[in-house]
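Coordinate-derived values only; no laboratory data. This is a predicted model, so every value here is computed, not measured. When we count neighbours, we look across all protein chains shown, and the Cβ atoms used for this are built from the backbone with ideal geometry, even at glycine.
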Amino acid sequence: MKFKNFKTEYILLSVSVVGGALIFGSFLKQLNFTNTSQQLERGGRVEIVDGDVIEQKFISQNNRLNNLRILFGNKKLQEYNSVKFTLADKNCQKKISEKVLRGKYDFDSKYLYNFYFPKIKNSKNKEYCLKIKLETEKKWSTWRKIKSKIWKNKKIKMQKVRLFEDVSENNSNKISKNNSNKIKNYIIKNKSGKIEGEGQFPIFFQTSYKNKNIWQDLNQLNQRMSQYKPWFLKGKYLTIMLLLVFITTGYTLKWLIKR
């Protein structure tokens, strides 16, 4: 009986440890830091429909580019639609990383959408291209055909995705003073690849970066959080508290295993 109880506790403990490690690992993987020098201001709406592609060129300010944080409007991505995010080279041709977001998904203009990708070590001062494409499923699945017959009178709205221009004074000055443009205006291409529109400003998005190692990531996280923390959760006090937590956790695990 004792052996059975020990075995059950050991299994539960192992699951908890593995689960905690996976959660912490996922947190570290997604941990990145937005370029705080980018002062953005939301401007006019930019809408795309099925087949449209927005291309936005930009220059990375630091090494280890890891994430692009994009502002979308309050539009719901409907079923059978998808938004494809592509990070490409400066010519918008060679794909570096890609992500596909499939409906249903509610965009919220209160938050920036994260387009994560593996960090690019030597990205500083290099030009890249962000491509955002809206696609509607053309080939109907069996289930979609059945649903269309059941709900014949259900109206299907034309899918649109809304973004915004960045009209901040900082970016406007860059565009007017320097032809090399650190942040350039976007263009919209239609299904055939022809340019059907060009913005007066860039689209609203932010670049985010990782540090060389995990310890630097955690240190920067601590620094950014310091302005919101009381004195006893800063510097050496925070380090002492973390050490106590790790030591206590270790002894607790040891006690549970022996028990």
Kindly state, to the nearest 0.05, the FRET efficiency for Asn114 paired with Thr248, given R0 = 30 Å and r defined as their beta-carbon distance. 0.35
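Please arrange Glu196, Glu165, Glu135, Glu41 by counting, for each residue, the other beta carbons lying within 10 Å of its beta carbon, fewest first. List each step's numbers first, then the result.
Values: Glu196 12, Glu165 21, Glu135 18, Glu41 15.
Sorted ascending by nearby Cβ count, the order is Glu196, Glu41, Glu135, Glu165.
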Ranked by Cβ crowding within 10 angstrom, fewest neighbours first, how are Leu163, Leu243, Leu101 ordered? Leu243, Leu101, Leu163
So Asp106 and Asp89, fully extended at 0.36 nm per residue minus their Cα-Cα distance, gain in nm 3.2 nm
Most exposed to least, judged by fewest other Cβ atoms within 10 Å, Val100, Val161 sort to Val100, Val161
